[in-house]
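Working notes, beginning with the structure itself.
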Amino acid sequence: MKDGLRISVGRRYRFAASHRLHNEKLSEPENWRVYGKCNNPYGHGHNYVVEILVSGAVDPSTGMLVNLADLDGFVEREVIEAFDHKSLNADVPVFRERVPTTENVCVEIFERLSRFPLAKLERVRVEETSNNAFEYAREEFHENGGPNEGNDK
Amino acid sequence: MVYLTRRVEFSASHRYHNPALSAEENRRIFGKCNNPHGHGHNYTLEVTVAGEPDPVTGMVLDLKELKEVLEREITQRLDHRFLNYEVPELQGQIPTCENIARVIWKLLEPKIPQGRLHKVRLYETPDLFAECCRNGAKAG
């Protein structure tokens with residue numbers, strides 16, 4: 001449909017996981033100063049909510065930008081299975097090197113989901129609690145009038 | 001620029017079915033959304049209008065007028081309807097969230113009394129929404 005409009009689809013997922021904010025390169029007092037109670041040696045957990053936004057062309061024969069069965073399956077395999085009921089520090093290899101702050105979790109989820117072949121990932125939002133949310137998006141997503149490609153068919 | 005968002009809810013039923021496809025293909029693509037007698041949702045629509053506040057009133061637009069436009073253009077058309085059969089604007093289209101959002105945009109854009117329509121976000125469930133905006137518009 002050549003009408004100059006852009007359609008995106010947003011979907012929310014959930015996982016529960018534990019983490020500990022601790023940087024090996026810092027001393028114990030520094031870790032405590034920077035991370036406070038999030039530096040507790042045994043870690044703590046959250047119910048995370050992941051909201052993703054994808055864009056693309058709507059297939060006129062299905063009315064869909066993306067079949068949710070495909071999207072849900074991909075997110076389940078790439079993120080939920082890897083993160084749900086896990087210790088992010090111990091069970092997700094990338095967080096052995098990188099502190100699993102929700103900023104870093106957000107970027108990691110974006111990188112994993114940007115490989116989805118059937119739509120373009122625009123933004124990932126991770127809610128660590130109902131009061132803390134983090135977003136990571138494509139550079140052009142934030143720029144008014146940026147080079148967003150049309151998705152008309 | 002100020003962005004103002006108003007929320008409105010409606011309940012409707014729909015069915016995903018493409019008559020050009022076989023019964024088997026319809027079931028494979030649409031799954032339970034292909035159920036012959038349809039199913040329904042409580043939809044939540046968020047309409048965002050962009051504009052500069054009027055120096056006299058301090059308003060981007062009069063919310064009462066926007067409420068009336070939403071009532072007339074959206075609620076009366078879509079609320080408690082079977083979208084496949086009762087909404088002429090959706091004829092010939094599968095009434096997915098994507099297509100409904102686009103139809104809502106086209107209904108609302110010419111009727112916004114002040115400012116300009118910036119974004120339409122339609123929730124089919126709390127975990128699924130579609131957005132419609134102009135190509136090149138700021139996506140925030």
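Please treat every number below as a calculation from the coordinates, not as lab data. The shown structure was predicted, so the numbers you read here are calculated from the model rather than taken from an experiment. We place every Cβ from the backbone using ideal geometry, glycine too, and count neighbours over all the protein chains shown.
Report the number of Lys pairs in the protein assembly as shown whose alpha-carbons are under 20 Å apart, with separation of 8 or more residues or on distinct chains.
Taking the protein assembly as shown as the scope, the lysine pair count is 20.
Provide, as a two-decimal number, the C-alpha radius of gyration of region B:2-132 over 2.2 N^0.38 Å, N being how many residues it has.
Working: Rg = 16.5 Å, N = 131, 2.2 N^0.38 = 14.0 Å.
Here the Cα radius of gyration is 1.18 times the empirical estimate.
In deg cm²/dmol, rounded to 500, what helix-only [θ] at 222 nm does the protein assembly as shown give when every DSSP H run of at least 4 residues adds -39500 (n - 2.57) and the total is split over its residues? Working shown, then result.
Details: 9 runs with 68 residues, N = 293.
So the helix-based figure for the protein assembly as shown works out to -6000 deg cm²/dmol.
Would you mind working out the magnitude of the charge dipole of region A:11-142 relative to its Cα centre, with +1 at each Lys and Arg C-beta and -1 at each Asp and Glu C-beta, to the nearest 20 Debye? Provide the component values of the computation, followed by the final result.
On the way: 17 positive and 22 negative charges, 44 e Å.
Dipole magnitude for region A:11-142 comes out near 220 debye.
Given 10 °C and 1.306 mPa s, compute D for the protein assembly as shown with the Stokes-Einstein relation, Rh being the Kirkwood radius over Cα pairs; round to the nearest whole µm²/s. Walk me through the intermediate numbers first.
Numbers: Rh = 21.1 Å.
For the chosen part, D equals 75 µm²/s.
Can you give me the P(r) profile for region A:1-120? Cα pairs, bins 5 angstrom wide beginning at 0, each as a whole percent.
2, 10, 19, 19, 14, 11, 9, 7, 5, 3, 2, 1, 0
Amide H to amide H under 5 Å from B:ALA12: which residues, 5+ apart in sequence or cross-chain, H placed 1.01 Å off N in plane?
Distant-sequence amide H within range of B:ALA12: B:HIS41, B:TYR43, B:HIS80.
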